[in-house]
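Below you'll find the structure, written out as structure tokens, and then a few comments.
Read-outs throughout are calculated quantities, based only on the coordinates presented, and are distinct from any laboratory measurement. This structure is a prediction, so every number in the text was calculated from the model and none was measured. Glycine gets a Cβ as well: all are built from the backbone with ideal geometry, and neighbour counts include every protein chain shown.
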Amino acid sequence: MKKTFLVSVLFLLLTSILSADAIFLFQNKLPVHVETIKNQGSFYINVEELTKYDSMIINKTSRVIYIIYKKDVLEISLNDFYSKINFINKYDNSVILINNKTYIREDVLSYFLNLDYFKSLEDIFFYSDLPKIVDLKVSTNEISAVFDTYLDHSSITFTQISNTNEYLLTMKPMSQLLIAPSNVNYSYSNNTVYLKFKSDFLYDVNIQGKNLKVTVKNEPISRSDGLFANISQKKDFQYSEKVEEINGEKIKIYQLVVDPKKYDIKVDLNNLGVSYDVNKFLKEKNPLFSINASFFDTQTLQPIGNIMSDGELLHLSSYSRPALIITEDNRIDIDYVKLEFLISIEDLLFWVKSINSNWKGDVKLYTHHYKGNILETEKDYLFFLFNSDNELIAKRKAYPAENEKLLLIDKKYEKYVTNISLGSKMELTLNKSENLIENPILLLEGGPILINDEYSQEFLDAEKRSYSNGIIYSKSPRTVVAIDDKNMLVLMVIEGYDNPEIGLTYDETKNLLLKLGNYKKAMLLDGGSSSIVYYNGEIQNYKNGKTRTNIPVLLSVYEK
């Protein structure tokens, strides 16, 4: 049994490790590449290859490696997998051993070599000073840039991002420009320079040393491939932008196809209960990809529907809507689910009607995820504050800190709760409907359903009629979540091509999905001015003055 467990753990570790690349940038010589692996979002650099970076002494025994560089010593334990710098600063779990190779975690190496670093999806860059653009010229025939640092090809990305012949030039890691050219759309985020411009020509990209040239090929772009442009075509993470025609109108589609087994799918709450700019929030969270999610009350910013993420019930309300579901074994589904949240204290059983919401209810719960004002008063409710161990620590109104819970019970039940005292334990039970076999780690209610062969057309028509005319019949931007025939999760935002403020009706959205591909299930999320898609550090479909800035709930993708 122990052997089986050990093998299983080793297998899980190995399958979560990806090959990557560490690139050391210099101002006086060409970049140096060092073999690197990636595990749980962190990069680990091959210790034996560090001499490529600079001269250093490496002494290895069966139990420890000592690296001497300048006046500093890095100690690497091969048995306990920790490292120390100058025998003082200890970093636990910072060492990985695979195939007789030793790898050290990024933060330890950065501190030891006195270097800063920048991480992308597949690469990590180390440098003493953040590279700068010392000269930048943009003309119709050429973009030329001179840097103070020798850059690697991985630092530069040049992509046609839509059929409007718009290009995106990305340079990373890079300092912010003090003065940007007026003839390109310049933006800056996360040590990355973005230059957007339009052209009807193809381009050659050439980087040599400290010089970059993007030169026109003097031939127009061929349109024979149709109105389609891929931006990222990784096997398990495919982002694209494309244009389709439906009923004679051009529609732009922003789409991500992602494997939920390989990436973390999470629900992000944007400071629930208060107004907070969604663009600022997304830049702080910096997911790989994100779209708007739940419907919500535009006045109070309260979500409509139940929400779970990372196995925690974040929001509970009385609405019954279809939901995106991801289970513990990473299976995905779109279906109706019934949840019942019960709390037991001192042999008393309470049915919780609301979590992190100002919706009315006899029994309510608030957690640290709720950032707004708790409007209920001690005139109407009894308040019980529980710590992370679900032990009662206070009987008063208070705003819960992280992992704390504030339970509210209507005062009409006061005579039944006299036995509840400090130290009383609270037990939580989540009952779910029978169609939910596995425990969900994510649940996000939306609707209405667009595609689901498990339901009759009569049922889908009846469900459709239960929503407002605006949701069904207006030609609005749409946000859609779907499951394709390969069990990949598909997230998309659909809006008008010539006028992004318009979009599709419910029926047109359904017909478009049937035209695009083999989808087993699909449903709408909130749409209209709330429809946003965040990718590559930016809201890709931002419409100045037309995009809603306060969006409380987002569906996001992160690296595992």
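Bin all alpha-carbon pair distances of segment 407-534 at 10 Å intervals from 0 and give each bin's fraction as a whole percent. Going out from 0 Å in 10 Å bins, segment 407-534 shows 10, 32, 24, 14, 13, 6, 0 percent.
Cross-link pairs exceeding 23 Å in C-alpha to C-alpha distance, out of 52/285; 371/405; 234/560, comprise 52/285. Along each principal axis, taking the top coordinate minus the bottom one, the Cα set of segment 16-104 gives 36, 35, 22 Å in descending order. Its residue count N sets the reference 2.2 N^0.38 Å, and the alpha-carbon radius of gyration of the chain equals 1.11 times that reference. Taking other residues whose beta carbon is less than 11 angstrom from the beta carbon of residue 265, and scoring Lys, Arg as +1 and Asp, Glu as -1, yields 0. By the rule of a C-alpha distance below 20 Å, with chain neighbours fewer than 8 residues away ignored, the aspartates and glutamates paired with residue 90 are 72, 75, 80, 106, 107, 116. In straight-distance terms, cross-link reach from residue 379 covers every one of the aspartates and glutamates whose alpha-carbon lies under 18 Å from its own, apart from those fewer than eight places away in the same chain; here that gives 362, 410, 414. Compared with the rule-of-thumb size 2.2 N^0.38 Å for a compact globular protein, segment 445-514 has a Cα radius of gyration ratio of 1.14. Extents of segment 133-223, taken as max minus min of Cα coordinates on every principal axis and listed largest first, are 37, 24, 21 Å. Would you mind classifying segment 339-432 by shape? Square roots of the alpha carbon gyration tensor eigenvalues, ordered a ≥ b ≥ c; an a/c under 1.5 is rounded, otherwise it is prolate if a/b is larger than b/c and oblate if not. Here segment 339-432 falls in the rounded category. Taking 0.36 nm per residue of separation and subtracting the current Cα-Cα distance, fully stretching the chain between residue 274 and residue 428 would add 52.7 nm. Helix content alone sets the calculated 222 nm mean residue ellipticity of the chain: runs of n ≥ 4 DSSP H residues at -39500 (n - 2.57) each, divided across all residues, give -3000 deg cm²/dmol.
For the pair residue 234 and residue 213, a Förster radius of 41 Å applied to the C-beta separation gives a FRET efficiency near 0.90, rounded to the nearest 0.05.
Taking 20 Å as the cut-off for C-alpha to C-alpha distance, list the pairs among 252/515; 196/475; 172/283; 266/353 that go past it. Exceeds cut-off: 196/475; 266/353. Ranked by the mean number of other Cβ atoms within 10 Å of their residues, highest first, the peptides 234-243, 132-141 come out as 234-243, 132-141. Multiplying the residue separation of residue 140 and residue 418 by 0.36 nm and subtracting their alpha-carbon distance yields 92.2 nm. For segment 339-432, averaging the sequence separation of C-alpha pairs within contact (under 8 Å, six or more residues apart) and dividing by the residue count gives a relative contact order of 34 percent. A dipole drawn for the chain from +1 and -1 charges on Cβ atoms has a positive end, and of 313, 202, 97 the residue lying farthest that way is 97.
Cα centroids of segment 31-91 and segment 366-421: 49 Å apart. Here segment 530-560 and segment 303-333 have alpha carbon centers that stand 20 Å from each other.
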